Amino acid sequence: MPRPFAFPWYVPLIARLKAHLAAEPAPRDAAHDLGHILRTATLAQTLAQAEGADQEICLAAALLHDLVYRPKNHPESSKTAQMAAELVPIWCRETPGLEDKAEAVASAVASHSWSGGGQPLSLEAAVVQDADRLEALGAIGVARVFATGGSFNSGLWHPLDPFARNRDLNDKAWILDHFEKKLMKLPGLMKTSTGRRMAEPRQRTMEAFLQALRIEIDLEFRGN
């Protein structure tokens, strides 16, 4: 797999992306920062190589997939993928080496989002969607979901019914609800065989975390 630095556009694009993030009017939550973007890009390139997809399109799209940010409780949160996709062709055409890939990169960005409901129209778009979803799984996924919920003051879990046995899920109010509402569904929604394979150990990590949490919460209830 070529190192990202082998692509002549990589370093200038990263520099521009860092400047873009620094100029945003409000700081991002820790789950959608530069670290998340770079991890998604690494996953996308790994998946692209394994699936025979265009690595440059996948890498560039992953780097630009969160070009527009809104907090997850913002009314425009579900629109950010499309909003980013509208900017991506401009960025690509202004980045030497990416001009001819502008539309393919934009298409991959447009369909990556869970909340946006996009359906990938190419192998590259499927790779980017899988990469972003893999980033929501495993130990990193656990860390990210609590970082996101904490950013808009959600509670950890419902104090009387943590696992929503007798209530509707509400992941805007309770962070733990997001596991059942979204995260545990992601492995079965992977579009590529490599994505499905990589999701399996991450899913087991999350299942182990939830089982440990159930035990500790049950002890807490018995203590009351």
> Does any residue of the range 155-171 turn out to be in contact (Cβ under 8 Å) with a residue 60 or more places away in the chain and not aromatic (Phe, Trp, Tyr)?
Replying inline: no
>> Residues that are under 21 Å from Gln211 (Cα atoms) and over 15 Å from the mean Cα position of the chain (by Cα): does the range 145-155 have at least one?
In response: yes
> Out of curiosity, is Ile175 touching a His at 6+ places or on another chain (Cβ under 9 Å), surrounded by fewer than 20 Cβ atoms within 10 Å (Cβ to Cβ) and β-branched (Val, Ile, Thr)?
Replying inline: no
> Would the range 32-48 turn up any residue that is among the small types (Gly, Ala, Ser), surrounded by fewer than 17 Cβ atoms within 10 Å (Cβ to Cβ) and assigned to a loop (DSSP other than H, G, I, E, B)?
Replying inline: no
>> Out of Glu180, Glu200, Glu207, I need the residue that is open to solvent by 60 Å² or more (accessible area, probe 1.4 Å) and touching a helix residue (DSSP H, G or I) at 6+ places or on another chain (Cβ under 7 Å). Which one?
In response: Glu200
>> Return the pair list, or none, for Cβ contacts closer than 6 Å from residues in the range 7-20 that are modelled with pLDDT of 95 or more to residues that are part of a loop (DSSP other than H, G, I, E, B), at least 6 apart or on different chains.
In response: Trp9/Thr95; Trp9/Gly97; Trp9/Leu98; Leu13/Thr95
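The values are calculated or read from the model by the stated rules, or taken from the named source; none is laboratory data. Because the structure is a prediction, the values reported are computed rather than measured. Don't worry about glycine lacking a Cβ; one is built from the backbone with ideal geometry, like all the others, and counts go over all protein chains shown. Quick note on the areas: whole protein, heavy atoms, side chains included, nothing else; ligands and nucleic acids left out. Shrake-Rupley method; radii C 1.70, N 1.55, O 1.52, S 1.80 Å.
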